[in-house]
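Structure, as structure tokens:
The values are calculated or read from the model by the stated rules, or taken from the named source; none is laboratory data. In this text the structure is predicted, and so the values were computed from the model without any measurement. Here the Cβ positions follow ideal geometry from the backbone for every residue, glycine too, while neighbour counts run over all protein chains shown. These accessible areas exclude ligands, DNA and RNA; they are computed on the full protein's heavy atoms, side chains included. Shrake-Rupley method; radii C 1.70, N 1.55, O 1.52, S 1.80 Å.
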Amino acid sequence: MELDLSPRLPKKVYGGDGGSYFAWCSEELPMLRDGNIGAAKLALEKYGLALPRYSDSSKVAYVLQGSGTAGIVLPEKEEKVIEIKKGDSIAIPFGVVTWWFNNEDAELVILFLGETHKGHKAGEFTEFYLTGSNGIFTGFSTEFVGRAWDLDETTVKKLVGSQTGNGIVKVDGSLKMPSPRKGDREGFVLNCLEAPLDVDIKDGGRVVVLNTKNLPLVGEVGFGADLVRIDGHSMCSPGFSCDSALQVTYIVGGSGRVQVVGADGKRVLETHVKAGALFIVPRFFVVSKIADSDGLSWFSIVTTPDPIFTHLAGKTSAWKALSSEVLQAAFKVAPEVEKAFRSKRTSDAIFFPPPN
């Protein structure tokens, strides 16, 4: 069967007045299932509340637009109430309880990427809701709920039956929701638009990498992530993950061209991407991107906590390490051609500005 790496958009799973939840389907994007990767997106309208839930999969959340409030409860810990805004990344280990709320006029949109190898279904997140029409209380009998929380039957029925919403609800504007607490963001959130840059190439591109140093919970989720932004008409040099990691990429903004080359030198993907699309690069396949005039940015996770990449262009590329005689023989070219190939790109950058 021919490998289909075409970028995909998510499909709406559920929603209402408070907002919507979207997910990428493993049936349409089989590499999600094969690579045990989940991808979803939450969009909350003003006063939209994503009801408290936990997941069977570890994730990284990235705030694509808007601002709001998130609640995070680690096992047997106090609730953290966190202000979130565009560019924020939050590592969420599986089993952690979260809720999300938007009290602003602008829509709040959050991307979730994560691993599903410990989940119930490969390639999909399974959410367990604490409240709502599909919450855990609806599954237990009133006797069990009453005895567990020492409540009378009337109170139990109110708890179980009052909230008829499913997953996302719209809260009455008069209800005062929890305010973010000073200091709660520390150790839980990294803003990729404000963090120190790991790579900064003038007129080329910039990278912020999520790791255990700048976001400690990354160690618990078990995979790495980064935000990459390249300028108009710039290029991200061809490269591959040399530690056998699967790369899942969501286009955050801008547009551009992507090429992926796989085994036997076959180009397996040549496409134009724009904001909202998600695609996957298989293990060891070589990928390169060139931005359109508006630039190109993407958020990626790599299925290993400390990914190692090999770039095939630039001063530190594998080509530069090979002896000239081997290159002459391998390409079957004259010495002057090999010399031009080796000497043209002398910088150690992974992003190349547009030609003059």
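Send over a whole-number figure in Å² for the accessible area per residue of the chain, probe 1.4 Å.
Accessible area per residue: 50 Å².
With a cap of 16 neighbouring Cβ atoms within 10 Å, and only residues DSSP puts in a loop, list the trypsin sites (Lys or Arg not before Pro) found in region 162-264.
Lys176, Arg181, Lys182, Lys202, Lys213
Between Lys118 and Asp152, what is the label-to-label distance in nm when each label sits 7 Å out along the Cα-to-Cβ direction?
4.2 nm
If we count GluC sites (Glu not before Pro) as exposed when they sit in a DSSP loop and have at most 13 other beta carbons within 10 Å, what is the longest stretch of the chain that avoids them all?
195-356
May I ask you to compute the full-extension gain from Asn214 to Leu197, defined as 0.36 nm times their residue separation minus their alpha-carbon distance, rounded to one decimal in nm?
Between Asn214 and Leu197, full extension yields an extra 5.0 nm.
Too long at a 30 Å Cα-Cα cut-off: which of Lys11/Lys86; Lys41/Lys213; Lys86/Lys170; Lys121/Lys158; Lys80/Lys213; Lys176/Lys274?
From the list (Lys11/Lys86; Lys41/Lys213; Lys86/Lys170; Lys121/Lys158; Lys80/Lys213; Lys176/Lys274), the Cα-Cα distance tops 30 Å for Lys121/Lys158; Lys176/Lys274.
For the chain, what is the mean residue ellipticity at 222 nm derived from helices alone (per DSSP H run of n ≥ 4: -39500 (n - 2.57); sum divided by total residues; nearest 500 deg cm²/dmol)?
-3500 deg cm²/dmol
I'm spelling it out carefully: the read-out is Rg and Dmax of the Cα atoms in Å, the candidates are (1) 23.2, 89; (2) 19.6, 60; (3) 23.0, 73, and one was derived from this structure. Which label?
(1)
Given +1 on the Cβ of Lys and Arg, -1 on the Cβ of Asp and Glu, and no further charges, what dipole in debye does region 47-123 carry about its Cα centre, rounded to the nearest 20?
Roughly 280 debye for region 47-123.
For region 101-168, what class follows from the C-alpha gyration tensor (a ≥ b ≥ c being the square roots of its eigenvalues): rounded when a/c is under 1.5, otherwise prolate if a/b is larger than b/c, else oblate?
In terms of gyration-tensor shape, oblate.
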